[in-house]
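Asks: Once you've had a glance at the structure underneath, I'll fire off some questions.
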Amino acid sequence: MSEPISSISAADVPGEFNDDVVLLDIREDDEWELGHAPGALHIPMGEVPGRMGELDVDSELYVVCRQGGRSFRVCQYLNQNGHDSINVADGMVGWQKAGRPLVTDSGGPAKIY
């Protein structure tokens with residue numbers, strides 16, 4: 001039996017990301033390009049298994065997708081592989097609704113929905 005997955009709302013995710021606190025955005029490239037949280041680490045869901053080396057098992061790891069479903073599944077995978085990740089239950093939609101900052105790599109306007 002697997003352990004329950006910890007969840008948090010986007011409004012309650014810490015605001016500063018660094019080596020110790022990571023926001024892992026697992027959305028696809030086209031979703032990322034629409035807008036993302038400043039300082040987030042982008043690893044699309046399908047690339048997570050091959051890029052596990054980029055994730056420090058000692059970091060506080062928040063996982064986000066668009067609405068919380070894919071990130072929940074990635075949290076299950078990460079937690080089965082030594083991480084203690086936290087699902088952002090309302091995803092980037094919740095992030096935008098909460099008025100959290102959004103950026104784009106192009107410098108243009110960011111919009112999730």
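Asks: Quick check on the stretch 17-76: what are the equivalent-ellipsoid semi-axes from the Cα gyration tensor, as sqrt(5λ), descending, whole Å?
Replies: 17, 13, 11
Asks: Cut-off 10 angstrom, C-alpha nodes, Gaussian network model of the chain. Which of Arg73, Arg51, Arg27 fluctuates the most?
Replies: The residue that fluctuates most here is Arg51.
Asks: Still on this model: Ranked by Cβ crowding within 10 angstrom, fewest neighbours first, how are Ser9, Ser85, Ser106, Ser59 ordered?
Replies: Neighbour counts put them in this order, fewest first: Ser106, Ser9, Ser59, Ser85.
Asks: At R0 = 22 Å, how high is the FRET efficiency between Asp29 and Glu60 if r is their beta carbon distance? Nearest 0.05 is fine.
Replies: Details: r = 25 Å, r/R0 = 1.15.
Result of the calculation: an efficiency of 0.30.
Asks: Can you give the angle from 0 to 90° between the axis of helix 69-80 and the longest principal axis of the chain, with both taken from C-alpha atoms, to the nearest 10?
Replies: 30
Asks: For the chain, give the magnitude of the charge dipole about the Cα centre (Cβ charges: +1 Lys/Arg, -1 Asp/Glu; no others), in debye to the nearest 20.
Replies: Here the chain has a charge dipole of around 520 debye.
Asks: In whole Å, what are the extents of the chain along the principal axes defined by its C-alpha atoms, from largest to smallest?
Replies: Principal axes ranked by extent give 43, 25, 23 Å for the Cα atoms.
Asks: For the chain, what is the calculated [θ] at 222 nm in deg cm²/dmol (nearest 500), taking -39500 (n - 2.57) for each run of four or more DSSP H residues and dividing by its residue count?
Replies: That calculation yields -6000 deg cm²/dmol at 222 nm.
Asks: To check you understand DSSP bridge types, tell me what percent of the beta bridges within the chain (both residues inside) are antiparallel, rounded to 5.
Replies: Counting DSSP beta bridges with both partners in the chain, the antiparallel share is about 5 percent.
Asks: Further, regarding this structure: Between Thr104 and Glu47, with labels modelled 7 Å along Cα→Cβ, what's the label distance in nm to one decimal, could you check?
Replies: Modelled inter-label distance: 2.0 nm.
Just so you know, all these numbers are worked out from the coordinates, no wet-lab data involved. The structure displayed is predicted, hence computed values, not measured ones. FYI the Cβ positions are ideal-geometry reconstructions off the backbone, even for glycines, and counts take in every protein chain you see.
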